[in-house]
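Scroll down for the structure; my scribbles are underneath it.
The values are calculated or read from the model by the stated rules, or taken from the named source; none is laboratory data. Because the structure is a prediction, the values reported are computed rather than measured. Here the Cβ positions follow ideal geometry from the backbone for every residue, glycine too, while neighbour counts run over all protein chains shown.
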Amino acid sequence: METDNDIIKEMGYQFEKFCVNEILGRIFGILLSSQTAKSLVEISELLSLSKAAVSIQIRVLEKLGYCQKLPKTKNRQHFYVLRDNYSEVVYRKRIEKEKTYLKIFRQSEHCTKDTSTFVNVRISEFIKFNSFMIQNQNDALSKWQKE
């Protein structure tokens, strides 16, 4: 049986494996395995890290859409929780990123009239593939929302 500590370590390992900061993964693991909101102090103590180091990483998790900061308490501490729909939020951000790449490639397509056929074919393949994937990802999210 996995303990919360095992989950925290595993999340750190998985994030690091995909070239994302290991501390970020461990903080995600804490929020994932916690039934209550956690303060920066609590997270810092659990990870044996400075409050500043945790604060920097938790802001990254917020920007990515994984967690949210709760309003300050009377003692002026911030508390953090995993967003209820974190998977969907993060996936939507991935789709938006792919749309940005697609837009760039579509713009290049018009600028490459004098480039080789090889380059034009690659750009065209990228546009077709990404268009297909974005559409299917949006369809999958729509199905997910209906369930």
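Can you name the residue in the stretch 78-91 that is touching a helix residue (DSSP H, G or I) at 6+ places or on another chain (Cβ under 7 Å) and either in a loop (DSSP other than H, G, I, E, B) or at pLDDT below 90 (or both) and is also nearest to residue 5 (Cα to Cα) among such residues?
Step one: list which residues in the stretch 78-91 are touching a helix residue (DSSP H, G or I) at 6+ places or on another chain (Cβ under 7 Å), which gives 78, 80-83, 88, 90-91.
Cutting the leftovers down to either in a loop (DSSP other than H, G, I, E, B) or at pLDDT below 90 (or both) gives us 78, 83, 88, 90-91.
Numbers: 78: 23, 83: 20, 88: 26, 90: 24, 91: 26 Å.
By that ranking, first place goes to 83.
Given the criterion within 26 Å of residue 14 (Cα to Cα) and of a type outside the set (A, V, I, L, M), identify the matching residue among 76, 122, 106, 92. Walk me through it before giving the result.
Numbers: 76 fails: within 26 Å of residue 14 (Cα to Cα); 122 fails: within 26 Å of residue 14 (Cα to Cα); 106 fails: within 26 Å of residue 14 (Cα to Cα).
Criteria check complete, one pass: 92.
Residue-wise test of (1) modelled with pLDDT under 85; (2) outside any loop (DSSP other than H, G, I, E, B); (3) over 25 Å from residue 60 (Cβ atoms).
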site	(1), (2), (3)
97	no, yes, no
123	no, yes, yes
127	no, yes, yes
136	no, yes, yes
145	yes, yes, yes
